Structure formats: C-alpha cells, structure tokens
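No lab work stands behind these numbers, since they all come straight from the coordinates. None of the values given here were measured: they were computed from a predicted structure. Note that we place each Cβ from the backbone using ideal geometry, even for glycine, and neighbour counts take in every protein chain shown.
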Amino acid sequence: MCQGGCMRIKYLAFLLASLISTTTLAAIPGLRDDISPTRLQVGAAASAKLITSGTDTKYASVLAHEYNLMTPENDLKWGTIHPRSGTALSSYNFAPGDTDAKFALSHGMHMRGHTLFWARYNPSWLTNGNYSATQLTDLLTNHIQTVMTHYKQYFPGLIVYWDVINEIKNAGSGVWAPIGNSFKIASIALQAARKADPSAKLCLNEYSMEFSQNIYQNPTYLLAKQLKQANIPLDCVGFQGHIGSNSVSETKWRTVFSAFAALGLEVQVTEFDAYYAPSQQYTNVVKACLSVSKCSAFVTWGFTDKYTWLGTSKAPLPFDAQYNKKSAYTALANSLLGK
Ligand code: G3I
C-alpha cells in the first residue's frame, strides 16, 4: 500500500531538489553579473563538442551562467571550418561553429570570431598545396568573405569582434608567407573583412606583448601603427595573455593597453590563463583593463581546469576540474566589482 505513496513522495522530493538547485544557481550571481554596466564583456573559450556533451552537462550550465561572451577555441579555425579544398560552400564545415553560435544566442551571449588567419592549424590541403601568392590571396579573401558572411547572415549581431589576424609575428614562417610581409598580409585580410561585414570590429590578436621591454618597439605595435597611418581598417588589438612563470604587474598591463589605445584602438584580453600565482595575475590584468577606457573584453582560454590546452595539472583557470570556484575566480570577480 505504501508503494504508490512512496513513489509520489520520492517524485515530489526530486522535483523539490531540482527546483532548489535551479533556484540556487540562478540566485548566485555569475561573473557576467559582476561587470560594470555595459563596459566590459567577460568570456571564455569553449567548444561545440563539450557544449553538447551528454556526460558533462555542467560544462554548458556553468558557461552560460557565468559568461556573456564565448570564443570558439578551435571551431572557427581553418582546420575545422574549411576542411576541403576550394572556395565553394561545399568546402566548408559550419556545423561546430553554428552549434557554438546557437548556444551563445540562446543564452544571451556574444561570440568572438577566432580566427580568419593563422599560420597554424590549417588543413593539409592548404599547407601542402604549393599555392602561388595570387592563389593564396584569393583563397584568403574568399575564406574571409564566406565565413563572415555566413555568421552575419544566419546570426546577425552575434559576432561583433573578429580576430582577423592571429599571431602575425609568425606569419613569415607559415603557409601564407608567399603573399608578402606582415603589412601586406594584414592589409589584404583586414580590407576583405571590412568588405564582408562593415559593422564588425576587426582585430589583430597577439601573444606576449605584455613581456615587451619597450612596447613602442614591439613588432605588432609597429604594425598596428603603420596600418592605422595607412587607413587600413583596424579596430582593436587582442592580448592573448598566456601567463606562464613570469608575472605581469598591473602597471605593465596598463602601459601596454594604453599604448594601443592611444592609436585609437580598442584593446581586449582574449585568451587569458595563468599558472604562477594565478590570483595575483588575474587581479593585475583585470584591474588594468578596467582602468583603460578602451579595454572592452576579458576572456579566459577555457574556464575549467578539466579542459585546458595547458593540461589539468597546470590549473590556470578560474574553475577547478570539478567546477569548484578557485581563488582565481574570487580574484577575478572582486576585480570586476572594483574591490
Ligand atoms: O579534435 C581532434 C580530435 O578529433 C583528435 O582525436 C585529436 C588528436 O590529437 O586532436 C583533436 O584536435 C586537437 C584540437 O586542439 C582539439 O582538441 C588538435 O590536435 C590540437 O592541435 C588543437 O590544439 C589547439 C591549438 O590552438 C591549435 O589549434 C588548442 O586546443 C587551442 O587551445 C589552441 O589555441 C591557441 C589559440 O588559437 C591561439 N593562441 C594560442 C592558443 C594556445 O595554443
């Protein structure tokens, strides 16, 4: 006789537990709620494969709860999105990027477009193709046109910032080198991007600029200056911010951000992670970003130590491998709150 009643009680208990856990998550503010009004977007790199994982559902729920910006870690790179040779639409694989885009859209997030050009992670048909400078230029401009048009058309307004160029300082040794020097490559790519989506903000994304002895002599700074002087469309510069065993002070961050801001560019932190004194590193960079009015986004490269390109043991992210908030999370949240 107890059977039906017990089942009902168990079901009610389950419903109550679900309600409490949903309410609890909604009641706890995420990083996206800590941001000073409209000033700074806070984001993380993520992947379609993990977002749709049937076994690790916490990944998607934490991502959506905490962030209002996401960067596909690999899903928009040539190696993923353009796996077959040629310029026809059938050469492209938009599925992973579209999964990311739908997720972002349904959770009120924006997406950063990463990346339309890189010397690495290119498909073998491109790297082994022995293409001429003219052919490479055509492939590059076609790719930019096709990918940007796809996201503009199917997800209008979702991707505002595009890393048009990733790591230009390594371009000379990669597949694109026949096109010419950094200025020529960047000019071609940026002009193609402006044409494809005139409302998008176009970025150079670079690593280790925060370690420059003199930022005004840094090759990417000099290139950005040259591009601006030549009226090539360039709106922002991304600082990847992979901090290893060298710490970077708040003052140093402010100096390098300010140098680019003085060129009229927005600056963004696009791939942050830190494994040496991480809490201090998070504090330094976020405080510096908030102190420079043109700093408009702070993005970490992943968010849980469970999935980081550096390996879980390096523990460079705000959440541990079980999705517990770490001291780096507290440092980040407090800095966003201006504490
Ligand atoms: O998805 C395949 C999987 O099917 C296959 O079994 C496995 C075997 O190696 O490879 C998987 O692909 C890997 C992919 O990450 C997804 O995990 C690639 O081999 C691997 O090369 C790729 O590494 C990425 C790397 O860029 C190259 O694209 C990292 O995840 C990603 O974190 C890293 O990100 C870069 C930024 O784009 C630019 N700045 C530096 C940053 C860190 O290197």
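Taking the range 297-318 as the search range and keeping residues that are polar (S, T, N, Q) and not in a loop (DSSP other than H, G, I, E, B), which one is surrounded by the fewest Cβ atoms within 10 Å (Cβ to Cβ)?
Ser313
Inspect the range 166-176 for any residue being over 25 Å from His150 (Cα atoms), away from the ligand (no atom under 15 Å from the Cβ) and not in a loop (DSSP other than H, G, I, E, B) and give the result as yes or no.
yes
Restricting to the range 71-92, count the residues that are outside any helix (DSSP H, G or I), surrounded by 15 or more Cβ atoms within 10 Å (Cβ to Cβ) and within 14 Å of the ligand (Cβ to nearest atom).
8
Counting only residues that are among the hydroxyl-bearing types (Ser, Thr, Tyr) and within 16 Å of the ligand (Cβ to nearest atom), which one in the range 100-148 is surrounded by the fewest Cβ atoms within 10 Å (Cβ to Cβ)?
Applying the filter and picking the extreme gives Ser124.
Return the residue satisfying two criteria in turn: it lies in the range 217-252 and is among the aliphatic types (A, V, I, L, M) and under 20 Å from Val160 (Cα atoms), and of such residues it is farthest from the ligand (Cβ to nearest atom).
Only one residue fits best here, namely Ile232.
If I filter the range 253-283 down to residues being more than 20 Å from Lys225 (Cβ to Cβ) and more than 16 Å from the ligand (Cβ to nearest atom), which single residue comes out as surrounded by the most Cβ atoms within 10 Å (Cβ to Cβ)?
Tyr282
Being buried (at least 19 other Cβ atoms within 10 Å of the Cβ) and closer than 24 Å to Asn284 by Cα narrows it down to one of Leu204, Leu190, Leu227, so name that one.
Values: Leu190 fails: closer than 24 Å to Asn284 by Cα; Leu227 fails: closer than 24 Å to Asn284 by Cα.
Only one candidate qualifies: Leu204.
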